[in-house]
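In what follows, a single structure is set out as structure tokens and then discussed.
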Amino acid sequence: MAFVVTEPCVRCKLTDCVEVCPVDAFREGENLLVIDPDACIDCQACVPACPTNAIFAEEDVPPAWRDYVGLNARLARGLPVITTKKDPLPDWERWKDAPGKRALVREPTG
């Protein structure tokens, strides 16, 4: 089992969670973070560190966000590791509670 970053992270990209990850499992995308399921050791340290409550154990991901399980795995393969806290996206507060943000996540083609 791995932990999964879900929709509340999209267009926010708060990075408090990366500072507590002991194995550098987080990857940085354009407008969200993802967790590499192969690197995650299921320590749960990231869950309480996430200000937007975007991180769930794989089996606890809400049904509306189940697509994020596969999305994390797919995106993690091509995104760079992030290990230090950065500033969130400039308009994150406007987006933090917005629904339906999945369409804003671009996946690489090919």
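Values for this structure:
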read-out	value
Long-range neighbours under 6 Å by Cβ, at least six apart or interchain, first residue over 28 Å from residue 22 (Cα atoms) within region 82-106, second surrounded by 14 or more Cβ atoms within 10 Å (Cβ to Cβ) and of a type in the set (Val, Ile, Thr)	101/10; 104/10
In region 6-23, the residues that are open to solvent by less than 30 Å² (accessible area, probe 1.4 Å) and either modelled with pLDDT under 95 or in a loop (DSSP other than H, G, I, E, B) (or both)	6, 10, 12, 13, 14, 15, 21
Residue check, residue 5 of a type outside the set (Phe, Trp, Tyr), touching a residue at least 24 places away in the same chain (Cβ under 8 Å) and touching a strand residue (DSSP E or B) at 6+ places or on another chain (Cβ under 7 Å)	yes
Verdict on residue 17 being without any contact (Cβ under 8 Å) to a residue 24 or more places away in the chain and either on the phi < 0 side of the Ramachandran plot or in contact with a Lys or Arg (Cβ under 6 Å, 6 or more places away or on another chain) (or both)	no
Residue count for region 35-78, restricted to those that are within 13 Å of the chain's Cα centre (by Cα), of a type in the set (A, V, I, L, M) and assigned to a helix (DSSP H, G or I)	7
Unmet criterion (only one of (1) closer than 19 Å to residue 101 by Cα; (2) touching a strand residue (DSSP E or B) at 6+ places or on another chain (Cβ under 8 Å); (3) without any contact (Cβ under 8 Å) to a residue 60 or more places away in the chain) for residue 57	(1)
Tabulated pairs, region 28-54, first open to solvent by 40 Å² or more (accessible area, probe 1.4 Å), second assigned to a loop (DSSP other than H, G, I, E, B), C-beta under 6 angstrom, 6+ apart or interchain	37/2; 41/23; 42/1; 51/14
Test for residue 63: is it in contact with a Cys (Cβ under 8 Å, 6 or more places away or on another chain), within 17 Å of residue 8 (Cβ to Cβ), of a type outside the set (Asp, Glu) and open to solvent by 40 Å² or more (accessible area, probe 1.4 Å)	no
Complete set of residues in region 92-109 that are assigned to a helix (DSSP H, G or I), exposed (fewer than 13 other Cβ atoms within 10 Å of the Cβ) and charged (D, E, K, R)	93, 94
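The values are calculated or read from the model by the stated rules, or taken from the named source; none is laboratory data. Since the model is a prediction, treat every value here as computed from it, not as a measurement. FYI the Cβ positions are ideal-geometry reconstructions off the backbone, even for glycines, and counts take in every protein chain you see. Each accessible area value is taken on the protein alone, full model and side chains, heavy atoms only, with ligands, DNA and RNA left out. Shrake-Rupley method; radii C 1.70, N 1.55, O 1.52, S 1.80 Å.
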